[in-house]
1. From Cα pairs below 8 angstrom and at least 6 apart in sequence, can you work out the relative contact order of the chain, rounded to a whole percent?
2. Counting other C-beta atoms within 10 Å, which of 144, 39 has the fewest, and how do the rest follow?
3. Calculate the FRET efficiency for residue 204 and residue 157 from the Cβ-Cβ distance with a Förster distance of 51 Å, rounded to the nearest 0.05.
4. Between segment 197-228 and segment 118-162, how far is it from one alpha carbon centroid to the other, in angstrom?
5. How do 304-314, 255-265, 128-138 rank on mean C-beta neighbours within 10 Å, highest first?
6. Which of the following values of semi-axes √(5λ) of the Cα gyration tensor in Å was calculated from the structure shown: (i) 27, 25, 18; (ii) 56, 20, 16; (iii) 32, 23, 19?
7. Tell me which residues come under 5 Å, amide H to amide H, from residue 251 once H is placed; ignore anything under 5 positions away on its chain.
8. Let's see if you can work this out: charge +1 on each Lys and Arg Cβ, -1 on each Asp and Glu Cβ, no other charges. What is the dipole magnitude of segment 1-135 about its Cα centre, in debye to the nearest 20?
Amino acid sequence: MQFGPVPLDQALGAVLAHSVPLAKGRLKKGKVLTRGDLEALAATGRTQVIVARLAPGDIGEDDAALTLARSLVLGAEGLELQPVGTGRVNILATGPGLARIDVGKVNAVNSADPAITLATVPPWHRMEPGGMVATVKIIAYGLEKAHVQAAAQQAESGLSLAHPILREAVMIETVVGKGLGDKGHRVTQERLLRLGVKLGPETLVPHEEIALSEAIVKAPGEMILILTASATSDIRDVAPSALRRAGGRVEHFGMPVDPGNLLFIGDLNGRPVVGLPGCARSPALNGADWVLERLICGVSVSGADIRAMGVGGLLKEIPSRPRPRARRD
């Protein structure tokens with residue numbers, strides 16, 4: 001691509017690099033200059049203008065952006081492209097779900113040419129209908145077609161949306177003495193509804209291994225959640241032990257996300273079981289959100305997956321936290 005100042009009599013058909021004020025109005029950057037445009041520029045006393053002109057083998061910014069965006073969403077359901085303009089295409093989610101991002105492909109696209117940029121939300125970011133998953137922006141008015149084709153090949157099917165596949169869940173809460181359920185059920189219901197999951201009626205049982213085990217065995221739904229009156233502090237504590245007594249399996253206890261450390265995951269006859277941390281009673285983002293969202297969307301969560309959540313796992317401090325992270329002397 002050629003770029004730089006040229007005399008007005010050589011600018012016909014070139015792309016205006018910078019907006020220029022006229023006697024009335026202005027010519028916007030990116031406009032392909034016509035004879036009328038050149039006459040208007042001359043009327044302002046200008047003798048030259050900064051332009052870009054595609055060379056043989058180049059491709060324009062809009063065509064380049066659209067080529068890359070189409071390749072990124074190839075075969076993906078739940079993603080759509082906004083109309084291209086000024087070298088940009090936004091990629092939106094059409095429904096709720098999680099953004100599945102192939103990090104290697106994103107990095108490859110951004111390494112193909114300095115003029116090619118691709119920005120995305122973090123992997124597994126929860127999306128709502130109309131939410132922007134990614135944006136492709138070509139930061140030059142044109143670039144070599146070969147570079148665009150190479151980037152498009154690297155980008156193929158790099159983005160998709162993991163849709164919710166679970167529809168019903170049940171939450172068992174343990175209580176001490178004559179204690180009653182708290183806002184945990186309501187908050188969890190609101191949390192699950194974001195992905196279209198219905199939470200069954202509140203189930204309260206004593207904070208005892210046998211009672212909780214019996215409730216787990218009887219629990220309906222596609223996913224079982226457990227919220228205990230006293231936080232689970234060991235893999236042999238009441239809730240994990242109750243799951244094993246019920247014939248289930250504990251996959252992992254603890255997570256490097258704060259708030260959310262005291263979470264455990266397991267399964268019962270193929271159904272996921274999540275032992276929620278106490279912070280799940282708050283609507284604020286916590287580690288349980290990341291686990292629940294993936295499970296709802298059919299994304300497997302192993303102990304290794306949870307251990308990998310530490311980078312970025314330091315979430316916003318909660319003012320009412322009983323034990324703040326920072327010491328206050």
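1. Values: 686 pairs, mean separation 42.6, N = 329.
It comes to 13 percent, rounded to a whole number.
2. The order, fewest Cβ neighbours first, is 39, 144.
3. Values: r = 46 Å, r/R0 = 0.91.
The formula returns an efficiency of 0.65 here.
4. Their Cα centres are 42 Å away from one another.
5. Values: 304-314: 13.5, 255-265: 22.4, 128-138: 18.2.
Put in order of decreasing packing, that is 255-265, 128-138, 304-314.
6. (ii)
7. For residue 251, whose amide H was placed from the backbone, the distant partners under 5 Å are 265, 266, 267.
8. On the way: 13 positive and 12 negative charges, 83 e Å.
Computed charge dipole of segment 1-135: roughly 400 debye.
Where a number appears in this text, it was derived from the coordinates with a stated rule and is not lab data. Given the structure is predicted, the values throughout are model-derived calculations rather than measurements. Virtual Cβ from ideal backbone geometry, glycine too; neighbours counted across all protein chains shown.
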